[in-house]
């Protein structure tokens, strides 16, 4: 007895052990109590069949909702993410990704000084400098003026407010590939996108309700052959500056003598609904099996009852 007490006292009650105990107690109390009630009224075997059929019927409904809207914490697959496929230094070399060949050369775009000469209000609005992604987010009319539609060969500027996930993936790729040792050694420039699912604004006008409804239905029913979605995050090394004690870190200044580094990313759509769907299929299959067993039992019972009644009437 003492050895058993010492054994339990020595267990590390970490979250894993507590989780196992919580599930075991929940199954024993909740499911076990339902089975005991049914077993005392219908018998042990029939009570078990009814309990399992009810359990997997409930699980079918629950996992169906999981399939429609995967839970934040629970069974779900992989979320969509940006995966790096290439880190290309714009030093005259050729990128391996064919779509990146269509991307406009950064040297062919208007410089910051040229844009600010045409739009002087940008100087006060962006005292620490700006990128085309900043203009796309806050001043799209300015961007439409300096970069006309159709001049980007299908590429489009991503707004800074929507580029955070791609930029985070680019930071990881740059450091993992030992291009830089820290994200303070470079400054993020423009984020570009190409391909992907068609956008509603490109297919329909806001006033065309029929086209908008058709577009949403067609996009919803597209299960395969998704167009590849690319993103390019451009960065450039900064001039090293020494931070003074007691002052804010200096504003990073791009080194114009260093080439632009482009991180090419591909959008992985993920499989966030796959695991809930598998749970749904398993639960539905087990529910059908137990319901079928109960149905056959009822048919057999009715047949035996009819035979017994016929035998009684014959006597």
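Equivalent ellipsoid semi-axes for the stretch 185-315, as square roots of 5 times the alpha carbon gyration tensor eigenvalues: give them largest first, rounded to whole Å.
Working: eigenvalues 935, 122, 33 Å².
Whole-Å semi-axes of the equivalent ellipsoid: 68, 25, 13.
Using 0.36 nm per residue and subtracting the Cα-Cα separation, the extra length available between residue 298 and residue 239 on full extension is 13.0 nm.
If you run the Gaussian network model on the chain, springs between alpha carbon atoms under 10 Å, then out of 67, 82, 192 the most flexible one is 67.
Cβ crowding within 10 Å, taken as a proxy for footprinting-reagent exposure, orders 59, 209 from fewest neighbours to most as 209, 59.
For the chain, the longest principal axis of the Cα atoms and the long axis of helix 209-220 meet at an angle of about 70 degrees.
How large is the convex hull of the C-alpha atoms of the chain per residue, in Å³? Each step should come with its number before you reach the end.
On the way: hull volume 93.4 nm³, N = 315.
Enclosed volume per residue, from the Cα hull, is 296 Å³.
Arranged from highest to lowest average of other beta-carbon atoms within 10 Å per residue, in what order do the peptides 285-296, 242-253 appear? List each step's numbers first, then the result.
Details: 285-296: 14.2, 242-253: 9.2.
By packing density, highest mean first, the sequence is 285-296, 242-253.
Counting neighbouring Cβ atoms within 10 Å and putting the fewest first, the residues 204, 211 line up as 211, 204. Note on residue 45 and residue 177: the model spin-label points, each 7 Å out from Cα along the C-beta direction, lie 6.7 nm apart. Our summary gives the stretch 124-197 a relative contact order of 40 percent, counting only alpha carbon pairs under 8 angstrom and 6 or more residues apart.
Here is how the number arises for the chain: DSSP H runs of 4 or more residues each give -39500 (n - 2.57), the sum is divided by the residue count, and the result at 222 nm is -15000 deg cm²/dmol.
Using a simple spin-label model with pseudo-atoms 7 Å out from Cα toward Cβ, residue 305 and residue 165 lie 5.7 nm apart.
The mean sequence distance of close C-alpha pairs (under 8 Å, at least 6 residues apart), as a share of the length of the chain, puts its relative contact order at 29 percent. Label the stretch 125-249 by shape, choosing from rounded, prolate and oblate, from the square roots a ≥ b ≥ c of the eigenvalues of the Cα gyration tensor; if a/c is under 1.5 it is rounded, and otherwise prolate applies when a/b is larger than b/c, oblate when it is not. Judged from the Cα gyration tensor, the stretch 125-249 comes out prolate (a/c at least 1.5, a/b above b/c).
All of the numbers you see were taken from the coordinates with simple rules; none came from a lab. In this text, all values refer to a predicted model and were calculated from it rather than measured experimentally. Neighbour counts are summed over all protein chains in view; Cβ atoms, including those assigned to glycine, are modelled from backbone coordinates with ideal geometry.
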